[in-house]
Amino acid sequence: MTNGSELYAHPTRLTGAEALWATLAGEGVRDVFGYPGGAILPAYDALRKFPIRHILVRHEQGATHMADGYARASGRVGVAVATSGPGATNLVTGIANAMLDSVPIVCVTGQVSSKVLGTDAFQEIDITGITMPITKHNYLVSRAEDVAPALRDAFRVAQSGRPGPVLVDITKDAQQGSAIFDFAAAAPAPARRHAPRFNGPGSLAEAVELLRRAERPVILAGQGILHSGAIEQVRTLAERLQIPVASTLLGLTAFPASHPLSLGMMGMHGESWVNHAIQQADVLIACGMRFDDRVTGTLATYAPKAKKIHIEIDPSEINKNVRVDVALIGDLKQVLEAMLPQITRRDGSAWLHAIRTMRGSAAVRDIQQLPDNGHLYAAHVMNDLWRETRGESIVVTDVGQHQMWEAQYYKHDRPRSLITSGGLGTMGFALPAAIGAKIACPEKEVWVIAGDGGFQMTSPELATIAQEDLDINIAVINNGYLGMVRQWQEFFYEKNYQSTPLRSPDFVKLADAHEIPGARVTRRTEVLDAVRAARSRRGAFLIDFRVQQEDSVYPMIPTGAALHEMIRRPAENPLLESAEDA
Amino acid sequence: MTVLHTFVILVDDRPGVLSRVASLFRRLNTNITSLTVGRSETAGISRMTIVAAAPEDRAHRILASLYKLEEVREVDDVGRHSAVVRELALLKVAAGVATRSDLFQLAEVFRARVVDLAPDSIMLELTGSASKIEGLVQILEESKYQILEMARTGRMAMRRGHHTSRVMDALSDATSEPGIAAVAAPAQDFLEEAIE
Ligand SMILES: Cc1ncc(C[n+]2csc(CCOP(=O)(O)OP(=O)(O)O)c2C)c(N)n1
Ligand SMILES: [Mg+2]
């Protein structure tokens, strides 16, 4: 049965369980992340007949994050498998995470037999009902002959338009029954939807004209650039018109950080000059981004002088948060390819010079030059890691302060080299997502950067790393706090550190229990050695970085404030290095 | 300003579709005033008319989210002036021999049909705009008739004139026409509409 060509050339009778794997293999799937149980057992029983690697996770949430990391690292669809009931409900957080970050994953769940649907049978849960608002679409399959068409349609939906998660719930009797498997005939009908009647204002010609007349333009780069494969086109646009590029968190790797036109991250924890540039801009051209509240600050004062051009594949994003002047709905790459022939070179030096002035001396942001005051700051770790890996590693971050420091200090030059949970901000994402990334790209170096809090949410996946013998380096940024929440308490709740101090196990010992070696780092001088030890070793390695406990991420725009109203690093604090500190 | 919006939605005729559509209104904490579903002119495609009161921006958000559903083929927020909007009501009214003839007269004024007659009640069937139905109900109540039972279909809407071409496009694989500017629904006040 593993002889692919036979199976796909001639319609063959298969059980629903076999059809499941045959369809996945036919869609190009080589790896799946899952956890078995009664309602999915027929499928697991048939797995050995197919050329698909199954990674056994330790919690189904991990399976969805792995599928997610797999998809983000490779651009291919990630697949997670779980049983009915608790297996299915454990997927929910990971599905929601993929929904908010537009990641193409397909989740397959077992379901109780169709004869007992709706009876509260053992481990029956209405998972299609539960996941309705957090999937692009889902399917309840109760007949063997529907398995292949539903799954193939699921792959189409997950990847089409704005990508996202899809769930296919397959009853046990559908897995056990048999039907003729005809892969070609199961192909989904082409998308047939009509353009919405609320297409936004403006036209390509107007966009070109706005850009031609722009004196202070800024490109807002989002993850859509990666999805669309429009990296080259965005770069050409930026270079031809000399437009500086500000990125969202998820768009950071869509434009090389070392490019002279790169401004870095915008928004709540973006550098002051980036946000000032946006506030002063006369034209904003948003590419595959959705004006999330974390990047706009209060909408009333957002980029008041700018005409806004929005290139976006999802029409429902147009005028959702920010009113735009020109909306170009479609695939970014196609839109830019239509636009570029009409774009002629322009001298942008005056505007770039103005931004350079705002940026000031911090343009050379070299924390290595600062005197060592004995303290270890998370920023040191990020900076050393960036230098030591020459910015070439895939970095998978969790959620919190360390996530923002990584975004500020690790300069990503390679597409898809930063994997992080943006929209949902899911703690516990990093470790499993890194496993997915490593499985997708075994030849790439992978680093996990997680906080002491988030790491503990999914740390059992260390066992998965050990069992699969994966070469993943793990940096725990251990500040003894749920740091980002502590920071909010410091700024907005009079330092009432309610429930944020965090006692943790000895992470090095925890790794050791999984036969994963590790090291503890408490001083800045030890960072490089530990990083080198981790890199030189084949196999996983964990470093417990004991960093300054009450450090905060600066600058910060409080929720509800304007983009230019930021909290800056207080002068009496030991400086990291930042333009706004000066 | 919160006004009544009338969404006409063409969807695949499959299990769960209604739930997906209704869920979008629920997510925005928006009450559905009325909802009708039935088959359309195309096999396998159902037509829903959903009426809900919502401010303009929320109505737009509903429209935009409806488009994202896989099983939704076409959505339209039809304004009252551009569409024929109808509703059907069945009213069972308490009436004995003495009061029957008065009710017959009332029914005639409203062009309602008497569809059932029992010793102590009659059933009226009325089709028309919502306001026409409200009008009959109001008069019955003010005239101290007792409405024993009322069933209403909720509004159905169809744009006037040659509109279907767009719908046909939506159902075929024809490449989409370039963007049509937003069609804002005009403010609607069904209660002001004269009895037809
Ligand atoms: C699952 C989940 N629960 C709660 C939160 C709220 N939250 C955001 S950041 C944060 C603190 C994270 O602490 P830690 O993992 O130690 O990272 P740090 O901020 O200290 O770097 C919390 C609790 C969240 N984002 N996700
Ligand atoms: Mg912490």
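The values are calculated or read from the model by the stated rules, or taken from the named source; none is laboratory data. These figures come from a predicted structure and were not determined experimentally. Cβ: placed from backbone, ideal geometry, glycine included. Neighbour counts: every protein chain shown. In case anyone asks, the SASA skips ligands and DNA or RNA and just uses the protein heavy atoms, side chains included. Shrake-Rupley method; radii C 1.70, N 1.55, O 1.52, S 1.80 Å.
Annotations for the structure displayed:
- nm² value of the averaged projected area, convex hull over the Cα atoms of the range A:214-334: 6.4
- Using a probe of 1.4 Å, the accessible surface attributed to B:PHE7 totals some 0 Å² when neighbouring protein chains are kept in position.
- Dipole moment magnitude, nearest 20 debye, the range B:8-157 about Cα centre, only Lys, Arg, Asp, Glu C-beta charged: 300
- Dipole check for the range A:435-578: with +1 at the C-beta of Lys and Arg, -1 at the C-beta of Asp and Glu, and the Cα centre as origin, the magnitude is about 200 Debye.
- With 5 Å bins from 0: P(r) over the range A:103-203, alpha-carbon pairs, percent: 2, 12, 19, 20, 18, 13, 7, 4, 3, 1, 1, 0
- Which of A:LYS49, A:LYS495, B:LYS144, B:LYS132 is most accessible, then next, and so on - probe 1.4 Å: B:LYS144, A:LYS495, A:LYS49, B:LYS132
- ³J(HN,Hα) computed for each position of the range B:33-44 - Karplus, 6.51 cos²θ - 1.76 cosθ + 1.60, integer Hz, glycine/proline x: 6, 7, 8, 10, 9, x, 6, 9, 6, 10, 4, x
- Which of A:PHE492, A:SER228, A:VAL32, positive extreme of dipole for chain A (C-beta unit charges): A:SER228
- Other protein chain C-beta atoms within 10 Å of residue C-beta, averaged over B:66-75: 5.
- Residue pairs, from the table A:LYS333/A:LYS444; A:LYS115/B:LYS92; A:LYS172/A:LYS444; A:LYS308/A:LYS411, whose Cα atoms sit over 32 Å apart: A:LYS115/B:LYS92; A:LYS172/A:LYS444
- Here's how it looks for A:LEU328: its modeled amide H is under 5 Å from those of A:HIS310, A:ILE311, A:GLU312, which are all 5 or more places away or on a different chain.
- For the protein assembly as shown, DSSP calls about 45 percent of its internal beta bridges antiparallel.
- For A:HIS137, the amide hydrogen comes within under 5 Å of the amide hydrogens of A:LEU167, counting only partners 5 or more places away or on other chains and with H modelled in the peptide plane.
- Per-bin percent of Cα-Cα distances, the range A:438-520 [5 Å]: 3, 13, 21, 20, 15, 10, 8, 5, 3, 0
- Within the straight-line cut-off of under 19 Å between alpha carbons, the lysines reachable from A:LYS307 are A:LYS320, sequence neighbours fewer than 8 places apart in one chain being disregarded.
- Dividing the alpha-carbon radius of gyration of the range B:52-101 by the rule-of-thumb value 2.2 N^0.38 Å gives 2.02.
- Volume of the convex hull of the range A:302-433 (Cα atoms only), normalised per residue: 197 Å³.
- Candidates A:GLY425, A:ILE329, A:TRP447 compared by Cα position along the dipole of the protein assembly as shown: farthest toward the positive end lies A:ILE329, with charges placed on Cβ.
- Counting 0.36 nm for each residue step from A:HIS564 to A:GLU206 and taking away their Cα separation leaves a gain of 126.0 nm.
- Which of A:THR12, A:THR389 is most accessible, then next, and so on - probe 1.4 Å: A:THR12, A:THR389
- If the convex hull is drawn through the Cα atoms of the range B:65-157, its volume per residue in Å³: 124
- log10 of Debye I(q)/I(0), alpha-carbon scatterers only, for the range A:201-280 at 0.17, 0.19, 0.25 Å⁻¹: -0.67, -0.84, -1.27
- Diffusion constant of the range A:386-451 at 37 °C, which comes from Stokes-Einstein with the Kirkwood Cα-pair radius and 0.692 mPa s, µm²/s: 279
- Note on the range A:240-301 and the range A:470-515: Cα centroid distance 30 Å, given to the nearest whole angstrom.
- Converting phi to 3J(HN,Hα) with the Karplus coefficients 6.51, -1.76 and 1.60 and the offset θ = phi - 60°, the range A:104-119 yields x, 10, 10, 9, 10, 10, x, 9, 4, 4, 4, 5, 10, 3, x, 10 Hz in sequence order, with x at every glycine or proline.
- Annotation for B:GLN138 and A:TYR8: the two label points, set 7 Å from Cα along the Cα-Cβ direction, are 6.8 nm apart.
- Derived from the Cα gyration tensor, the three semi-axes of the equivalent ellipsoid of the protein assembly as shown are 51, 34, 25 Å, largest first.
- Estimated purely from DSSP H runs of n ≥ 4, each contributing -39500 (n - 2.57), the mean residue ellipticity at 222 nm for the protein assembly as shown is -9500 deg cm²/dmol once divided by its residues.
- Shielding by other protein chains, A:124-137, mean Cβ within 10 Å: 2
- For the range A:394-399, 3J(HN,Hα) per residue [Karplus equation, 6.51 cos²θ - 1.76 cosθ + 1.60, θ = phi - 60°, Hz, x = Gly/Pro]: 7, 10, 10, 10, 8, 10
- Listed by chain and number, the lysines placed with their C-alpha closer than 16 angstrom to that of A:LYS136 are B:LYS68; residues fewer than eight positions away on the same chain are left out.
- Where only alpha carbons of the range A:505-571 are counted, the Rg and the Dmax (Å): 17.7, 49
- Sites B:GLU56 and A:ILE343 - FRET efficiency at Förster radius 41 Å, r taken between beta-carbons, to 0.05: 0.70
- Rounded to the nearest 20 debye, the dipole size of the protein assembly as shown about its Cα centre is 980 debye, using +1 on the Cβ of Lys and Arg and -1 on the Cβ of Asp and Glu.
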